[in-house]
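Q: Below is the structure I would like to discuss, written out as structure tokens.
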Amino acid sequence: MLLSEVSALIKKEIIIELRQKYAINGILLYLAGTVFICYLSFGAQSSQLHPVTWNALFWIILLFTAVSAVAKSFLHESAGLMTYYYTVASGQSIITAKIIYYSLLLVALGLIGFAFYALVLGNPVHNPSLFTINIIFGAVGMATTLTLVSSIAAKAQNNQTLLAVLGLPLLIPVLLMSIKISKNAMDGLEWSASYNELAVIGSIDAIVCSLAIILFPYIWRS
Amino acid sequence: MKKNWWKVLCVILLLYSVVGGFLMDVPRLHILNESIRNTFFHVPMWLGMMILLLVSMVYSVLYLKRPSLKYDCYAAEFAKTGILFGVLGIVTGMIWAKFTWTSAWSGDPKQNNAAIALLIYFAYLVLRGSMKDPQQRSRISAVYNILAFSTLIPLLYILPAQTDSLHPGSGGNAAFGDIDLDNRLRAVFYPAVIGWTLLGVWFATLGSRISIHRNRLDHLDQ
């Protein structure tokens, strides 16, 4: 795994994303549409949502946005393109580049989503910096797990369904921790109240990330 | 016969633990009363499941190191038996919860996470079913099996310990070993754990031998 290889691959992902703007615009529209549907569904009460509902809804929206954003990481790449990558880069650099790129994408989506969600449904968060850090941890966890699962699902038939079936249960630990930390942030608890949870979510991210780097070459070989 | 001593041991231990579990004297505890005998059936299911799934993961690692039909069949069958034990563990737990915690499903974190763990492993079966090419199926499902087992540990042991749980050993409740598991319970509990685990191993080895032969037959047909 070479640093130059990884940075070149990340650059490639960004360039492709900028060339095919419909993908990123589609995801942004998906996020905005879901938030707006939630706003309309709650009707007149939407500004005084119960904090627990607000929190759960936010993370569910982020989760499904993440699933559809990361789905294209491997599912939409042709077999020929994968063969080409095989000849020019190592599996470890490819998965590292994908993880970094999709982590950045999901962090951005999470922050944009939070801004829009708070605008429409009110912002009960009392500790915004903790909430932001939490979005970063959660988004990295989702991106890592989903990138690896997407590479697994791409090898099977009926892969769009399989991505959700394999990915959602694996994401639950990250999601539970994120929901807990963001509840702490909403209640304005001190940072020290969330250290434990931040350590757990950080270590889950690290475990999945290292597993992805170790295991991806085996998935890729076929 | 010499090779099968452990099967004899398994039958003897299970007979002893079932008969002893229902007839021997048990400590009388408030609320638990006679339902404490479920310790001999519910807890061995989970310990057995952990051991079987661990063995399954080890076979998956071996498969990735040196691909062979044998390793793949063993990994799959140990996982299937582990899932069976998990389902039985959840069912016995629900019956126990009905009588001691008043409802079969009370949202206890360990109960919820056990259900998620089963979902993750059901997805393993779905993944195996969704690929036709046998070598690809073996490799991809080995990768997923390793990923699944490494999510299982935080799910069942780390996350529930962070919150209050009705189960012993977490959230300030005393662990079984501390006060509850006195010598009368131990005399049946440990043989039960060993007996049920041996039964699981027996199931899994039988299943693997069947599927190895079935694979060879398919090979001959072609």
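Readers should treat all values here as calculations from the given coordinates under stated rules, not as data from a laboratory. Just so it is clear, the model here is predicted, and its values are computed rather than measured. When we count neighbours, we look across all protein chains shown, and the Cβ atoms used for this are built from the backbone with ideal geometry, even at glycine.
Q: Using just the helices of chain A, give the 222 nm mean residue ellipticity in deg cm²/dmol: DSSP H runs with n ≥ 4 each add -39,500 (n - 2.57), and the total is spread over all residues, rounded to 500.
A: That calculation yields -28500 deg cm²/dmol at 222 nm.
Q: Now a separate question. Return A:Leu31, B:Leu23 ranked ascending by Cβ neighbour count within 10 Å, so the fewest neighbours appear first.
A: B:Leu23, A:Leu31
Q: Taking the simple approach of a point 7 Å from Cα along Cα-to-Cβ for both B:Thr102 and B:Val61, what is their distance in nm?
A: In this crude label model, B:Thr102 to B:Val61 measures out at 4.6 nm.
Q: Estimate the FRET efficiency between A:Asp187 and B:Ile153 by the formula 1/(1 + (r/R0)^6), using the beta-carbon distance for r and 25 Å for R0, to the nearest 0.05.
A: 0.25
Q: With a ≥ b ≥ c the root eigenvalues of the C-alpha gyration tensor of chain B, is it rounded (a/c under 1.5), prolate (a/b larger than b/c) or oblate?
A: In terms of gyration-tensor shape, oblate.
Q: Rounded to the nearest 10 degrees, what's the angle between the helix B:134-153 long axis and the longest principal axis of chain B, both from Cα atoms, 0 to 90?
A: With both axes taken from Cα atoms, the answer is about 20 degrees.
Q: What average number of partner chain Cβ atoms lie no more than 10 Å from the Cβ of the residues making up B:130-136?
A: 4
Q: So what's the back-of-envelope 222 nm ellipticity for chain B, counting only DSSP H runs of four-plus at -39500 (n - 2.57) apiece and dividing by all residues, rounded to 500?
A: Values: 7 runs with 159 residues, N = 222.
Computed mean residue ellipticity for chain B: -25000 deg cm²/dmol.
Q: For a paramagnetic label modelled at 7 Å from the Cα of A:Tyr22 toward its Cβ, which residues of the stretch A:122-160 fall within the zone defined by backbone nitrogen distances under 20 Å?
A: A:160
Q: Name the residue farthest towards the positive end of the dipole of chain B from the options B:Ser35, B:Ala76, B:Val18, assuming +1 on Cβ of Lys and Arg, -1 on Cβ of Asp and Glu, about the Cα centre.
A: Of B:Ser35, B:Ala76, B:Val18, it is B:Ala76.
Q: With r as the distance between the Cβ atoms of B:Asp218 and A:Leu29 and R0 = 41 Å, compute the FRET efficiency 1/(1 + (r/R0)^6) and round to 0.05.
A: 0.30
Q: Shifting gears a bit: Using the number of other C-beta atoms within 10 angstrom as an exposure proxy, rank B:Thr197, B:Thr205 with the fewest first. The partial results should precede the final answer.
A: Working: B:Thr197 22, B:Thr205 15.
Arranged by neighbour count, lowest to highest, B:Thr197, B:Thr205 become B:Thr205, B:Thr197.
Q: Another one. Tell me which trypsin sites (Lys or Arg not before Pro) from the stretch B:90-157 have a DSSP coil assignment and no more than 16 other beta carbons within 10 Å of their own.
A: In loop regions of the stretch B:90-157 (DSSP not H, G, I, E or B), the sparsely surrounded trypsin sites (Lys or Arg not before Pro) are B:Lys132.
Q: Follow-up question, since we're still on this one. Among A:Val208, A:Val88, A:Val120, which comes first, second and so on when ranked by fewest other beta-carbon atoms within 10 Å?
A: Ordered from fewest to most neighbouring Cβ atoms within 10 Å, A:Val208, A:Val88, A:Val120 come out as A:Val88, A:Val120, A:Val208.
Q: Roughly how many Å is it from the Cα centre of the stretch B:55-118 to that of the stretch A:41-68, as a whole number?
A: For the stretch B:55-118 versus the stretch A:41-68, the Cα centre distance is 32 Å.
Q: Please state the shape class of the stretch A:3-220: rounded when a/c is under 1.5, otherwise prolate if a/b exceeds b/c and oblate if not, all from the C-alpha gyration tensor.
A: Because a/c hits 1.5 or more and a/b exceeds b/c, the stretch A:3-220 counts as prolate.
Q: Here's something else I'd like to know. Hey, with R₀ at 51 Å, roughly what FRET efficiency would A:Ser4 and B:Ile95 work out to, going by the Cβ-Cβ distance, to 0.05?
A: E between A:Ser4 and B:Ile95, to the nearest 0.05, is 0.30.
Q: Inside 10 Å of the C-beta atoms of B:147-159, what's the mean count of C-beta atoms belonging to other chains?
A: 4
Q: To the nearest Å, what is the center-to-center distance of the stretch A:96-120 and the stretch B:1-36, using C-alpha atoms only?
A: 54
Q: Going by the alpha-carbon gyration tensor, a ≥ b ≥ c the square roots of its eigenvalues, is the protein assembly as shown rounded (a/c under 1.5) or, if a/c is not under 1.5, prolate (a/b greater than b/c) versus oblate?
A: Oblate, since a/c reaches 1.5 and b/c is not below a/b.
Q: Between A:Tyr84 and A:Gln160, what is the spin-label point distance in nm, taking each point 7 Å from the Cα along the Cα→C-beta axis?
A: For the pair A:Tyr84/A:Gln160, the computed spacing is 2.5 nm.
Q: Find how much the distance from B:Ile12 to B:Arg209 grows on full extension, using 0.36 nm per residue of separation minus their present alpha carbon separation; answer in nm with one decimal.
A: Roughly 68.5 nm would be gained on extension.
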